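The values are calculated or read from the model by the stated rules, or taken from the named source; none is laboratory data. Just so you know, these numbers come straight off a predicted model, no measurement behind them. For neighbour counting, all protein chains shown are included, and Cβ atoms are generated from backbone atoms with ideal geometry for every residue, glycine included. With ligands, DNA and RNA removed, areas are computed over all heavy atoms of the protein, side chains included. Shrake-Rupley method; radii C 1.70, N 1.55, O 1.52, S 1.80 Å.
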Amino acid sequence: MRKFTVGWLYPDLMNIYGDRGNILTLVQRAKWRGFDAQVRELGKGTHQGFEDVDVFFFGGGQDREQALVYDDLLELKAEPLTRALAKGAAMLAVCGGYQLLGHYYQTAEGDRFPGLDLLDLHTEAGSQRCIGNVVVDVSGLGLEPKTLVGFENHSGRTFLGEGLAPLGRVIAGSGNNGQDGTEGVAAGTIFGTYLHGSLLPKNPHLADRVMATALQQKRHIHRLEPLVDTLELDAHRRVRDRELAGRR
Ligand code: GLN
């Protein structure tokens, strides 16, 4: 059986608002396609076992948890992670994890946590938290449905550098910074977003995009067998239509 490995960064510290559901979704969708799917936990102190990971997942965390992981991230994980991504592994990072892919995250108190510098973006906390349901237009990514739905709760405002493409455009909610209308980032095999919820159960089209990206780059598997997502897409549409009611 073909193996499919999900590398879960800091499962005990960076895992809020249902982020674990993303792991369950990736593993189950791989199993439904006949892969021998497994999760590898990559917690504090770990720097081995990165090379055969197909998809890395980096969940969210409050400022306290980010303060507990950023040094371990830089000292032990930056090198093996960068090497694995260069070999075609994909990354899905949510909120606090997403923020630490960039240059830094600065808290409302002014503490600055350096990030992995994998992407040209930076994040600074604002005075108000961005909290609520979010709908994002991802037609730019060629996904169907052309929307993502989820939940956000963050103080950070993320700004993308010149030429860095967002994951999509906000239709409802704040997204990256509540100013420029962007949400998340899509750069090669790396996907970042502020959407918790958890994200993937109600957005199976994004789950497949992340999986397909890794399998294509790393294993030259160019076709992902389609799955029947009636329930998942029904849940997606219900949330989307409820959030957009009155806006159309
Ligand atoms: N601590 C970060 C912020 O407040 C990330 C929060 C999160 O992951 N939900 O912006």
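All told, A235 falls short of being small (G, A, S), surrounded by fewer than 16 Cβ atoms within 10 Å (Cβ to Cβ) and part of a helix (DSSP H, G or I). Among the residues making up region 63-95, those that are within 15 Å of the ligand (Cβ to nearest atom) and over 15 Å from F191 (Cβ atoms) are D63, R64, E65, Q66, A67, L68, V69, Y70, L73.
Among G181, G197, which is in contact with a strand residue (DSSP E or B) (Cβ under 8 Å, 6 or more places away or on another chain) and over 21 Å from G18 (Cβ atoms)? Only one candidate qualifies: G181. Scanning region 155-176 for residues that are in contact with a His (Cβ under 9 Å, 6 or more places away or on another chain) and touching a residue at least 60 places away in the same chain (Cβ under 8 Å) turns up just one, T158.
Might you let me know whether region 58-72 holds any residue that is of a type in the set (A, V, I, L, M) and open to solvent by 10 Å² or more (accessible area, probe 1.4 Å)? Yes.
For region 126-162, a residue qualifies if it is among the charged types (D, E, K, R) and over 17 Å from the mean Cα position of the chain (by Cα), and the qualifying residues are R129, E144, K146, E162.
Remark: pairs (first residue in region 121-141, within 12 Å of the ligand (Cβ to nearest atom); second residue assigned to a helix (DSSP H, G or I) and not small (G, A, S); Cβ separation under 7 Å; 6+ apart in sequence or on different chains) = T123/Q99.
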